[in-house]
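A.B. asks: Would you mind keeping the following structure in view while I ask a few things?
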Amino acid sequence: MTSPSAPRSGGGLPPLHLAVALDGAGWHPAAWRSEGARPGELFTAGYWADLVTEAERGLLDLVTFEDALAVQSVGLQGPDNRTDQVRGRLDAVLIAGRVAPLTSRIGLVPTTNVTHTEPLHLAAALATLDHAAPGRAGWRPQVSARSDDAAHFGRPAPATLTAADLASPDTISARLAPIFDDAAEVLATVRRLWAERGHALPVTVLAHARIPYELAAKGGDVAYVTPHSPDDTAAVLAAVASAATTVARPADRPLKVLADLVVLLDDRPGEAARHKDRLDELDGAPLTSDAEVFAGTPAELADLLLSWRTVEAGGLRLDGFRLRPARLPHDLLAITRRLVPELQRRGAFRTAYTTTTLADHLALPTPAPTRS
């Protein structure tokens, strides 16, 4: 018999896993100009503490923190010098460490660069987070193809990407194959260093194409993917399954797959779309993203999530979703206080935490062994 705190959603599927990706004032470039935004506090610890404690109040599995070696830019190879968008971030590992003692259940997953950062430094920083949040720490390794990042470390510039490349994730990943090969080596080295000191953090990888899928399948525990429709979800799941076969991922260690969505949520039908249009106007361009952009009500989003997770391909289904709030804190509050109760009413999300570690939240097996 299923306990009330661990419901099963329609069709006998297990409850959804839900994560939120936190970045600045939100994932819309003009989010800092939206009602309720706190742009003057983006570089304060209190701002991030408020967001993460709210995410834990909503019983979410984990939060991720964005980071990069350079300031944000709409350009592919360097800064764009824009002053009408948020530029700069606090260090993601330090944010996670700061909020760790203020939380007790939610997983904390910072992003770090692996192209220009030494594995020993990465392993040490993340092991420290594991001390601050025992069992709740995770990691999202991120590659860098920016020439200004490379120049900062005195390294040769990687393959130059063009605007046309952005239309094909497979083209991008193929051109950056050496960078992904290096990332796989760094990931394996960091895992070995953790194992020497008794640390085991879930590793999560954002992937859009075959080579990144293989990185996730070889060294990760969770893959964030970016489908744009049910048919696209099927294609992505099939590609992830193929990647797992290619790298000979053990069958008893299935990769968890979460789909990313950028979300704008309001209670009244049409209101979120109107707010998006207004922010687009302020920014001077329609919002674009690698992930699908959803603007609607929490109930409409619940419909979409439960519909997409019924799609099956390659023996896989979506295990859940990583939601990117377009406006902070507005859309985070809509997730925790509107979407979560809606999913709970449908028996598709937990009504209480029943576990204390990130691996247990995600129903992961014991930490993956090191695989070179």
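Coordinate-derived values only; no laboratory data. Since this is a predicted model, take the numbers as computed values, not measurements. Cβ: placed from backbone, ideal geometry, glycine included. Neighbour counts: every protein chain shown.
A.B. asks: Report the label-to-label distance for A157 and A251 in nanometres (one decimal), using points 7 Å from each Cα along the Cα→Cβ vector.
C.D. replies: The answer from the label model is 4.9 nm.
A.B. asks: Something else: Out of [x] 52, 50, 42; [y] 60, 49, 38; [z] 82, 46, 42, which label holds the value of Cα extents along the principal axes in Å that was computed here?
C.D. replies: Here Cα extents along the principal axes in Å agrees with entry [x].
A.B. asks: Rank these for me by crowding, T204, T83, going from fewest to most other beta carbons within 10 Å.
C.D. replies: T83, T204
A.B. asks: Pop out the ³J(HN,Hα) list for region 282-296 in order, Karplus 6.51 cos²θ - 1.76 cosθ + 1.60 with θ = phi - 60°, rounded to Hz; leave Gly and Pro as x.
C.D. replies: Couplings: 5, 7, x, 6, x, 5, 10, 7, 5, 9, 5, 9, 10, 10, x Hz.
A.B. asks: Roughly speaking, what is the centre-to-centre gap between region 316-348 and region 22-66 when only Cα atoms are used, to the nearest Å?
C.D. replies: Spelled out, the Cα-based centre of one part sits 15 Å from the other.
A.B. asks: May I pose another question? Report the equivalent ellipsoid semi-axes for region 253-339 in whole Å, largest first, defined as the square roots of five times the eigenvalues of the gyration tensor built from alpha carbon atoms.
C.D. replies: Value: 26, 15, 11 Å, ordered largest first.
A.B. asks: So in the chain, what percent of DSSP beta bridges are antiparallel if you round to the nearest 5?
C.D. replies: Percentage antiparallel, nearest 5: 5.
A.B. asks: If you don't mind, there's one more thing I want to ask. Given Cβ point charges of +1 (Lys, Arg) and -1 (Asp, Glu) and nothing else, what value in debye, to the nearest 20, does the dipole of the chain about its Cα centre take?
C.D. replies: Computed about the Cα centre, the dipole is about 880 debye.
A.B. asks: Let me ask something else about it. Using a 7 Å offset from Cα along Cα-Cβ at R268, what residues in region 289-308 end up with backbone N under 18 Å from the label point?
C.D. replies: Residues passing the 18 Å test: 295-300.
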